[in-house]
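Okay, so here's the structure we're looking at.
The values are calculated or read from the model by the stated rules, or taken from the named source; none is laboratory data. Everything quoted here is computed from the prediction, not taken from an experiment. Using ideal geometry, Cβ is built from the backbone for each residue, glycine included, and neighbour counts are taken over all protein chains shown. Note: accessible area is taken over every heavy atom of the protein model, side chains too, but ligands, DNA and RNA are not part of it. Shrake-Rupley method; radii C 1.70, N 1.55, O 1.52, S 1.80 Å.
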Amino acid sequence: MSDDTLGRPIEILLVEDNPGDVRLTIEALKEGKVRNRLSVARDGVEALAFLRREGPHANASRPDLILLDLNLPRKDGREVLAEIKEDSGLRRIPVVVLTTSKAEEDILRTYDLHANCYITKPVDLEQFISVVRSIDDFWLSVVRLPTGE
């Protein structure tokens, strides 16, 4: 973790439309080693508005990490990922794809779109919590995240 992030919580944007997965992610991250602040976007259109600080998200904090589901309403995660990585102001934000899809086509496509990581969500509750905690351990404790605009 960089010295710049030691004094403030890590900003995480969770892009997820399943309320149960949102709740579980929040609970798993609460018990993490690193202070974090989680914002939630329920679909791809809201996620991009949040990232671009548009409309009701004008004062949104820039996330240090994005957890992105692929199967989203209004604009799917693949489209969101493509727009993030095409935007010079957003492309350095690490994107962890966290989805139920095990399809090789989805894995290849998201890495082609420059996802930083692809994780298939476990169906089992305890395994899901363990995966989110592993994300917390690695991305928030080990990795040095980029800072700034």
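Could you go through the range 109-119 and let me know if any residue there is of a type in the set (Phe, Trp, Tyr), over 15 Å from Leu13 (Cα atoms) and under 13 Å from the mean Cα position of the chain (by Cα). Spell out the reasoning first.
Narrowing the range 109-119 to residues of a type in the set (Phe, Trp, Tyr): 111, 118.
Subsequent filtering for residues that are over 15 Å from Leu13 (Cα atoms) retains 111, 118.
Cutting the leftovers down to under 13 Å from the mean Cα position of the chain (by Cα) gives us 118.
Looking through the range 109-119, at least one residue is of a type in the set (Phe, Trp, Tyr), over 15 Å from Leu13 (Cα atoms) and under 13 Å from the mean Cα position of the chain (by Cα).
Output the number of the condition that Asp106 fails; it satisfies all remaining conditions of (1) farther than 16 Å from Asp136 by Cβ; (2) out of contact with any helix residue (DSSP H, G or I) (no Cβ under 7 Å at 6 or more places or on another chain); (3) open to solvent by less than 10 Å² (accessible area, probe 1.4 Å).
Every listed condition holds for Asp106 apart from (3).
Of the residues that make up the range 43-53, is at least one touching a residue at least 12 places away in the same chain (Cβ under 8 Å), open to solvent by 30 Å² or more (accessible area, probe 1.4 Å) and among the hydrophobic types (A, V, I, L, M, F, W, C)?
Looking for residues that are touching a residue at least 12 places away in the same chain (Cβ under 8 Å), open to solvent by 30 Å² or more (accessible area, probe 1.4 Å) and among the hydrophobic types (A, V, I, L, M, F, W, C), one finds at least one in the range 43-53, hence yes.
Go through (1) surrounded by 17 or more Cβ atoms within 10 Å (Cβ to Cβ); (2) more than 23 Å from Asn18 (Cα to Cα); (3) touching a Ser or Thr at 6+ places or on another chain (Cβ under 8 Å) one by one and return the number of the condition Tyr118 breaks.
(2)
Are there any pairs with C-beta distances below 6 angstrom linking a residue in the range 1-25 that is within 14 Å of Asp64 (Cβ to Cβ) to a residue that is modelled with pLDDT under 95 and assigned to a helix (DSSP H, G or I), with the two at least 6 apart or on different chains, and if so which?
Ile10/Leu140; Leu14/Thr25
Quickly run through the range 7-40 and pick out the residues that are within 18 Å of Val142 (Cβ to Cβ) and at pLDDT 90 or above.
Those that are within 18 Å of Val142 (Cβ to Cβ) and at pLDDT 90 or above: Glu11, Ile12.
Hey, can you tell me all the residues within the range 26-42 that are in a helix (DSSP H, G or I), among the charged types (D, E, K, R) and touching a residue at least 12 places away in the same chain (Cβ under 8 Å)?
Step one: of the range 26-42, the residues in a helix (DSSP H, G or I) are 26-30.
Retained after the next criterion (residues that are among the charged types (D, E, K, R)): 27, 30.
Of everything in the range 26-42, just one residue is in a helix (DSSP H, G or I), among the charged types (D, E, K, R) and touching a residue at least 12 places away in the same chain (Cβ under 8 Å), namely Glu27.
Which of the residues belonging to the range 64-78 are surrounded by fewer than 17 Cβ atoms within 10 Å (Cβ to Cβ) and either within 21 Å of Phe138 (Cα to Cα) or not basic (Lys, Arg) (or both)?
Across the range 64-78, the qualifying residues are Asn71, Pro73, Asp76.
Looking at Ser134, Ser61, Ser88, Ser101, can you tell me which residue is of a type in the set (Gly, Ala, Ser), open to solvent by 30 Å² or more (accessible area, probe 1.4 Å) and touching a residue at least 12 places away in the same chain (Cβ under 8 Å)? First the steps, then the outcome.
Values: Ser134 fails: touching a residue at least 12 places away in the same chain (Cβ under 8 Å); Ser88 fails: touching a residue at least 12 places away in the same chain (Cβ under 8 Å); Ser101 fails: open to solvent by 30 Å² or more (accessible area, probe 1.4 Å).
Among Ser134, Ser61, Ser88, Ser101, only Ser61 is of a type in the set (Gly, Ala, Ser), open to solvent by 30 Å² or more (accessible area, probe 1.4 Å) and touching a residue at least 12 places away in the same chain (Cβ under 8 Å).
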